[in-house]
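Asker: First the structure, then my questions, so here it is.
All of the numbers you see were taken from the coordinates with simple rules; none came from a lab. The model shown is predicted, which means the values in this text are computed figures rather than measured ones. Using ideal geometry, Cβ is built from the backbone for each residue, glycine included, and neighbour counts are taken over all protein chains shown.
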There are 2 protein chains.
Amino acid sequence: MIERRSFAALLFALPAAALAQGADPLPSWRDGPRKRALLEFVAAVTREGSADYVRPSARIAVFDNDGTLWVEQPAYVQLLFILDRIRALAPANPAWQQDAVFRAAIAGDLHGAMAGGNEGLMRLAGAAMAGNAPEEFQAIAAEWLKTARHPKWNRPYTALVYQPMLEVLRFLRAAGFGTFIVSGGGVEFVRAFSEETYGIPPHQVVGSSFALTVDEEAGRLMLRREPRVDFIDDGPGKPIGIARHIGSRPIAAFGNSDGDYEMLRYTTEGAGRRLGMIIRHDDAEREFAYDRESHIGRLARALDHAPTRGWQAVSMRDDWARVFG
Amino acid sequence: MIERRSFAALLFALPAAALAQGADPLPSWRDGPRKRALLEFVAAVTREGSADYVRPSARIAVFDNDGTLWVEQPAYVQLLFILDRIRALAPANPAWQQDAVFRAAIAGDLHGAMAGGNEGLMRLAGAAMAGNAPEEFQAIAAEWLKTARHPKWNRPYTALVYQPMLEVLRFLRAAGFGTFIVSGGGVEFVRAFSEETYGIPPHQVVGSSFALTVDEEAGRLMLRREPRVDFIDDGPGKPIGIARHIGSRPIAAFGNSDGDYEMLRYTTEGAGRRLGMIIRHDDAEREFAYDRESHIGRLARALDHAPTRGWQAVSMRDDWARVFG
């Protein structure tokens, strides 16, 4: 438990705009070491004259998306989108019935669709998502997100974002931070909902991408997403995506799997005060319990390194008073 | 000349924050069709309820850098940096003396250094700029910009930015726009000065880039810029860089050469009110006069298409009351 006095001291050290009348900026977080780490970090880097002070333009915070900001079980939402889209496009593509991976996808058989491994998934992804312009694809994805429902809660996926993390996003922005998503998911898929759902504009989303080409069509330039992966923003790709796209080293990083390990290291190995945070899925009742065993969002190495690297491992079960809004 | 009454009407239509007590937001622009086009465009897209209204998050303006925001003659500033850097590194690389292109660079012979064509320039660029981390390279470039001087004016390059364009950047930002640089130059080179010089943070700079790799060095992750071009953000590369990085189609674009042609088209071919603007270098007295004939910043096709596409061709000589601050 955080002490009353130090808690109040922290509140007063925070920028006025961040806190209306001393209200708790993180009401869905239970008091404890993780909440305290968040509050102390923000107080330290925003306190002018302190050794930890960071000027606003260098206050960059990066967030993984799947499993860090929203649900990633029983499968990445984008994969569920791909299966639905393959099913929708199937009548116009009868040849797909000759292919076991596509047949499984059309039947809505998640395991069968994944049986082709990475190569099979890439073929499904290309067939489901490429060939169109980025704007066109974003519109398709946004439309799907309006109607699709999660099998466990029967709610739209954009309702299954973590309320405590929405509070972190708002809290950091009120303290002058730029908040960025750095996702292994497709950049245009995440951009289809990031602004409305997280308040993060398209240009602050870094993600994996297909190659783009420029053509002329009916007297207008036409950008086309080719069924060929151009960049994988996962694992060691995350620091590369950050350097390329954001152009400065973040001071805070939030992830939930080993795919975020390099991003957490790149962030917290920088000079000065840093924050690394890992969301642990250990709440079978309110969400899902998985970590080391999962084929999706596997968390092992990053968790093993957390104590020596000073990363905060957040327990969904213990640290979050509420999971969804 | 803009009429008194319509000018006043425009001023009142602009957001209050943009204009202190009706002061002219573009004092270095002479009254005339180009200034009027700028004012009218911003008034139209910010006027709530108007057919041309654009919500703030979609107010994206893109700017070429060399020749649009700062001087690009007698050579791109980055090329002058490369030559200086080759000269500085030469004592540690005696083998360079065996290579005619490097010998010319070391001697400060611009024409000799360019005689090797693109291939020769890429070798110089790789030797001068690769092998380090992005942060390290930005520090080297920033240091050079502090001491280097332009041969014509003997002033730092960052003092040779166009005052009228600084006013456009500020004016657009005050009207809720996001301002982005989309440059053929190296992304880290531009990031080394964009925030201080233009008020544009690193993550709002799109540019050409070397490939990045991730290594481990002394127990820390190390990003390294390899001497291998990864992306050329010029010509048709500009719409690709915009789609990848910004993720939405701009509504205003500013350029000065045929390298900006596709960016101008991509911007102005979108639905709704758009602004395309081309800076013409026709002022031999205050800056340089070049256009169609130049080997740097050649402007021909974009200028030929301007009338039919509704792009505004700005004359430095006639439309700008002042060139530098």
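Asker: Which residue, A:Pro134, A:Ala88, A:Thr213, has the largest displacement toward the positive end of the dipole of chain A when charges sit on each Cβ (Lys, Arg +1; Asp, Glu -1)?
Answerer: Towards the positive end, the residue furthest out is A:Pro134.
Asker: How compact and how long is segment B:65-199, expressed as Rg and Dmax of its alpha-carbon atoms in Å?
Answerer: Expressed in Å, the Cα Rg and Dmax of segment B:65-199 come to 16.1, 55.
Asker: Along Cα-to-Cβ, 7 Å out, sits the label point; list in nm, shortest first, how far the one on B:Asp31 is from those in the other copies.
Answerer: 6.6
Asker: Next up: Go ahead and estimate [θ] at 222 nm for the protein assembly as shown from helices alone: -39,500 (n - 2.57) per DSSP H run with n ≥ 4, summed, over the residue count, rounded to 500. Don't skip to the end; give the middle numbers.
Answerer: Working: 28 runs with 256 residues, N = 650.
It lands at -11000 deg cm²/dmol.
Asker: Among the listed pairs A:Lys152/B:Lys238; A:Lys35/B:Lys238; A:Lys146/A:Lys238, give every one whose C-alpha distance is greater than 32 Å. Intermediate results must be reported in sequence, preceding the final value.
Answerer: Values: A:Lys152/B:Lys238 43 Å; A:Lys35/B:Lys238 43 Å; A:Lys146/A:Lys238 29 Å.
From A:Lys152/B:Lys238; A:Lys35/B:Lys238; A:Lys146/A:Lys238, over 32 Å: A:Lys152/B:Lys238; A:Lys35/B:Lys238.
Asker: If you don't mind, there's one more thing I want to ask. Averaged over peptide B:201-207, how many Cβ atoms belonging to another chain are found within 10 Å of each residue's Cβ? All intermediate terms of the calculation are to be shown ahead of the outcome.
Answerer: Working: counts 8, 8, 12, 3, 1, 3, 2.
That works out to 5 on average.
Asker: To continue, here is another question. Long-range amide H contacts for A:Val182: which residues qualify at under 5 Å (H placed 1.01 Å from N, peptide plane, sequence gap of 5 or more or a different chain)?
Answerer: A:Phe63, A:Asp64, A:Asn65, A:Val206
Asker: Okay, next question. Short version: ³J(HN,Hα) in whole Hz for each residue of segment A:163-178, in order, from phi by Karplus 6.51 cos²θ - 1.76 cosθ + 1.60 (θ = phi - 60°), x for Gly and Pro, what are they?
Answerer: Whole-Hz 3J(HN,Hα) from phi for segment A:163-178: 4, x, 6, 4, 5, 5, 4, 5, 4, 5, 5, 5, 8, x, 7, x.
Asker: Under unit Cβ charges (Lys, Arg +1; Asp, Glu -1), what dipole magnitude, rounded to 20 debye, does the protein assembly as shown have relative to its Cα centre? Kindly include the intermediate steps, with their values, before the conclusion.
Answerer: Values: 76 positive and 80 negative charges, 256 e Å.
The calculated dipole for the protein assembly as shown is roughly 1220 debye.
Asker: Can you pull the mean other chain C-beta count within 10 Å for peptide B:240-251? Present the calculation step by step, with values, prior to reporting the outcome.
Answerer: On the way: counts 7, 1, 4, 11, 13, 7, 3, 16, 8, 4, 0, 0.
That works out to 6 on average.
Asker: Kirkwood hydrodynamic radius, computed over distinct alpha-carbon pairs, for chain B: how many Å, to one decimal? Spell out each step's value before the answer.
Answerer: On the way: mean 1/r = 0.0481 Å⁻¹.
After inverting the pairwise mean of 1/r, the radius is 20.8 Å.
Asker: Classify segment B:138-280 as rounded, prolate or oblate from the Cα gyration tensor: take a ≥ b ≥ c as the square roots of its eigenvalues, call it rounded if a/c is under 1.5, otherwise prolate when a/b beats b/c and oblate if not.
Answerer: Values: a/c = 1.88, a/b = 1.26, b/c = 1.49.
Cα axes put segment B:138-280 in the oblate bin.
Asker: State the three equivalent ellipsoid semi-axes of segment A:202-271, derived from the C-alpha gyration tensor as the square roots of 5 times its eigenvalues, in descending order and whole Å.
Answerer: Numbers: eigenvalues 195, 34, 14 Å².
Result for segment A:202-271: semi-axes of 31, 13, 8 Å.
Asker: So for chain A, averaging the separation of alpha carbon pairs under 8 Å that are six or more residues apart and normalising by length, what relative contact order in percent results? Spell out each step's value before the answer.
Answerer: On the way: 563 pairs, mean separation 68.7, N = 325.
Once divided by the residue count of chain A, the mean separation gives 21 percent.
Asker: GluC sites (Glu not before Pro) within segment B:204-288: which are DSSP loop residues with at most 14 other Cβ atoms inside 10 Å?
Answerer: On the way: sites: B:Glu216, B:Glu217, B:Glu262, B:Glu269, B:Glu285, B:Glu287; in loops: B:Glu269, B:Glu285, B:Glu287.
Of the GluC sites (Glu not before Pro), the ones in loops of segment B:204-288 whose Cβ has at most 14 other Cβ atoms within 10 Å are B:Glu285.
Asker: Let me ask something else. Would you calculate the separation in nanometres between label points at B:Ala159 and A:Ala23, each defined as 7 Å from the Cα along the Cα-to-beta-carbon direction?
Answerer: It is 5.1 nm.
Asker: Take every Cα-Cα distance within segment A:225-325, group them into 10 Å bins from 0 onward, and report for each bin the whole-number percent of pairs it holds.
Answerer: 15, 41, 31, 13, 1
Asker: Would you mind working out the magnitude of the charge dipole of chain B relative to its Cα centre, with +1 at each Lys and Arg C-beta and -1 at each Asp and Glu C-beta, to the nearest 20 Debye? Don't jump to the answer; show the numbers that get you there.
Answerer: Details: 38 positive and 40 negative charges, 157 e Å.
Magnitude of the dipole: close to 760 debye.
Asker: Once a ≥ b ≥ c are taken as the square roots of the eigenvalues of the Cα gyration tensor of segment A:103-143, is the result rounded (a/c under 1.5), prolate (a/b larger than b/c) or oblate (a/b not larger than b/c)?
Answerer: On the way: a/c = 3.30, a/b = 1.93, b/c = 1.71.
Since a/c reaches 1.5 and a/b is larger than b/c, the shape of segment A:103-143 is classed as prolate.
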